[in-house]
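S.K.: Provided herewith is a single structure, encoded as structure tokens, for subsequent inquiry.
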Protein chains: 2
Amino acid sequence: MKEFALHPKLEADTIDVATLDLSLVRLMNDRRFPWLILVPQRVDAVEIVDLEAEDRATLIEEIALVSNALRELFHARKLNVAAIGNLVPQLHVHVVARFESDDEWPKPVWGTAPEPYRFDELERRLASLRYRITPT
Amino acid sequence: MKEFALHPKLEADTIDVATLDLSLVRLMNDRRFPWLILVPQRVDAVEIVDLEAEDRATLIEEIALVSNALRELFHARKLNVAAIGNLVPQLHVHVVARFESDDEWPKPVWGTAPEPYRFDELERRLASLRYRITPT
């Protein structure tokens with residue numbers, strides 16, 4: 001039986017935050033936005049509709065959980081939630097906190113050039129996210 | 001009590017396909033992509049996390065329903081599913097069928113200029129979608 005493994009592109013672009021029942025929660029290494037990615041730990045899932053109904057129900061609750069965390073921690077003006085995957089086929093769901101003052105507002109963030117965190121700010125961001133996002 | 005009403009911008013940009021338990025299903029008037037929009041009929045919902053848990057569970061199943069329809073009808077290479085709403089605050093979820101041959105592949109479709117359907121192709125597209133997407 002094949003085991004779930006994070007896609008190498010997601011591994012390279014993101015940092016571990018938490019492991020929930022269904023999904024890995026990863027932080028996109030882009031200091032421009034508080035940007036989390038949920039990756040359901042299901043081998044070969046590409047689309048949301050590829051998941052079993054029970055997993056889909058879990059996924060939307062995990063989306064709600066990280067949405068609440070981003071709203072509370074960063075007082076986001078808007079959340080952008082998306083499963084796109086045109087380039088990285090492994091199913092993953094972006095949850096991005098947006099602000100009227102951010103670099104791309106009101107445009108979507110996908111396809112823009114990321115700006116990596118500095119080490120100290122990354123440590124601080126991870127600490128607050130890991131404190132707030134804990135398995136249920 | 002306030003009644004649900006479709007946001008005027010969504011009303012202007014999309015055409016009625018079906019009414020599901022939770023969501024209106026609307027076709028984006030953009031012939032470049034088979035592009036549906038789900039609008040949960042809940043007053044003042046802006047984010048997925050604003051919905052009650054029961055409505056969230058329904059929403060993800062309605063996303064699955066229209067995803068299956070788009071996959072079967074158009075043999076989509078990839079589905080793009082997103083709740084963005086930086087410009088139109090009323091909660092709405094895009095479900096877009098993507099193809100390697102489409103005008104924007106592999107970039108996201110949001111923020112690009114729509115190309116309206118011609119009348120005859122719109123009628124045909126609506127007929128096939130309305131036949132396939134029926135309330136459960």
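The values are calculated or read from the model by the stated rules, or taken from the named source; none is laboratory data. Note that the coordinates shown come from a computational prediction; the quantities given were computed from them, not determined experimentally. Cβ atoms come from the backbone with ideal geometry, glycine included; neighbour counts cover every protein chain shown. Areas reflect the complete protein model, heavy atoms only, side chains present, ligands, DNA and RNA absent. Shrake-Rupley method; radii C 1.70, N 1.55, O 1.52, S 1.80 Å.
S.K.: Search the structure for amide H atoms under 5 Å from the amide H of A:Leu20, placed 1.01 Å from N in the peptide plane, and list their residues when 5 or more places away or on another chain.
M.R.: Correct list: A:Val25.
S.K.: Right, here's the next one. Kindly write out, for the range B:30-39 in residue order, the coupling ³J(HN,Hα) from the Karplus curve 6.51 cos²θ - 1.76 cosθ + 1.60 (θ = phi - 60°), rounded to whole Hz, with x marking Gly and Pro.
M.R.: The phi angles translate into 8, 5, 6, 9, x, 9, 9, 10, 9, 10 Hz.
S.K.: Which percent of the accessible heavy-atom area of the range B:47-123 goes to carbon and sulfur, probe 1.4 angstrom?
M.R.: Working: 1720 of 3380 Å².
About 51 percent, which is the carbon plus sulfur part of the accessible surface.
S.K.: Also, quick follow-up: Give me a comma-separated list of calculated 3J(HN,Hα) values for the range A:84-89, in order, Karplus coefficients 6.51, -1.76, 1.60 applied at θ = phi - 60°, integers in Hz, x for any Gly or Pro.
M.R.: Each residue of the range A:84-89 in turn: 10, x, 5, 9, 10, x Hz.
S.K.: Which ³J(HN,Hα) values, rounded to whole Hz and listed in residue order, are derived for the range B:110-124 from phi using the Karplus coefficients 6.51, -1.76 and 1.60 in 6.51 cos²θ - 1.76 cosθ + 1.60 with θ = phi - 60°, glycine and proline given as x?
M.R.: Running phi through 6.51 cos²θ - 1.76 cosθ + 1.60 with θ = phi - 60° gives 6, x, 9, 7, x, 10, x, 5, 6, 4, 5, 6, 5, 4, 5 Hz.
S.K.: Continuing with this model, one more query. If you wrap a convex hull around the Cα atoms of the protein assembly as shown, how much volume per residue is inside, in Å³? Show your work: numbers first, answer last.
M.R.: Values: hull volume 38.4 nm³, N = 272.
Measuring per residue, one finds 141 Å³ for the Cα hull of the protein assembly as shown.
S.K.: Report, to one decimal in Å, the Kirkwood hydrodynamic radius for chain A based on all distinct Cα pairs.
M.R.: Numbers: mean 1/r = 0.0657 Å⁻¹.
That comes to 15.2 Å for chain A.
S.K.: Going down the table (A:Lys107/B:Lys78; A:Lys78/B:Lys78; A:Lys9/B:Lys107; A:Lys107/B:Lys2), which pairs top 24 Å between alpha carbons?
M.R.: Working: A:Lys107/B:Lys78 22 Å; A:Lys78/B:Lys78 26 Å; A:Lys9/B:Lys107 17 Å; A:Lys107/B:Lys2 30 Å.
Correct reply: A:Lys78/B:Lys78; A:Lys107/B:Lys2.
S.K.: How large is the helix-only mean residue ellipticity at 222 nm for chain B, computed as the sum of -39500 (n - 2.57) over DSSP H runs with n ≥ 4, divided by its residue count, in deg cm²/dmol to the nearest 500? Before the final figure, lay out each step's value.
M.R.: Working: 3 runs with 42 residues, N = 136.
Taken over chain B, the calculation gives -10000 deg cm²/dmol.
S.K.: Which residues belonging to the range A:80-99 lose at least 10 Å² of 1.4 Å-probe accessible area when the assembly is complete, relative to their chain isolated?
M.R.: Residues shielded by partner chains are A:Asn80, A:Val81, A:Ala82, A:Ala83, A:Ile84, A:Gly85, A:Asn86, A:Leu87.
S.K.: For chains B and A, what's the summed buried accessible area, probe 1.4 Å, to the nearest 100 square angstrom? Please list the in-between numbers first.
M.R.: Values: alone 7850 and 7850 Å², together 12980 Å².
For B against A, buried area totals roughly 2700 Å².
S.K.: Find the accessible area per residue for the range A:30-73; the probe is 1.4 Å, ligands and nucleic acids are left out, and the unit is Å². Walk me through the numbers before you get to the answer.
M.R.: Values: 1550 Å² over 44 residues.
Ligands and nucleic acids excluded, the result is 35 Å² per residue.
S.K.: With everything on Cα atoms, drop me the angle between helix A:53-74 and the longest principal axis of chain A, reported from 0 to 90° to the nearest 10.
M.R.: That helix lies at roughly 10 degrees to the long axis.
S.K.: I've got another one for you. If the label for B:Asp50 sits 7 angstrom from Cα along the Cα-to-Cβ line, what are its distances to the same label in every other copy, in nm to one decimal, shortest first?
M.R.: Relative to the other copies, B:Asp50 has label-point distances of 3.2 nm.
S.K.: Per Stokes-Einstein, at 10 °C and 1.306 mPa s, what whole-number D in µm² s⁻¹ belongs to the range A:79-136, with the Kirkwood radius over Cα pairs as the hydrodynamic radius?
M.R.: Working: Rh = 13.8 Å.
Result for D is 115 µm²/s.
S.K.: Sort the range A:48-102 into rounded, prolate or oblate with this rule: let a ≥ b ≥ c be the square roots of the eigenvalues of the Cα gyration tensor; rounded if a/c is under 1.5, and if a/c is not under 1.5, prolate when a/b is larger than b/c, oblate otherwise.
M.R.: Values: a/c = 3.70, a/b = 1.56, b/c = 2.37.
Since a/c reaches 1.5 but b/c is at least a/b, the shape of the range A:48-102 is classed as oblate.
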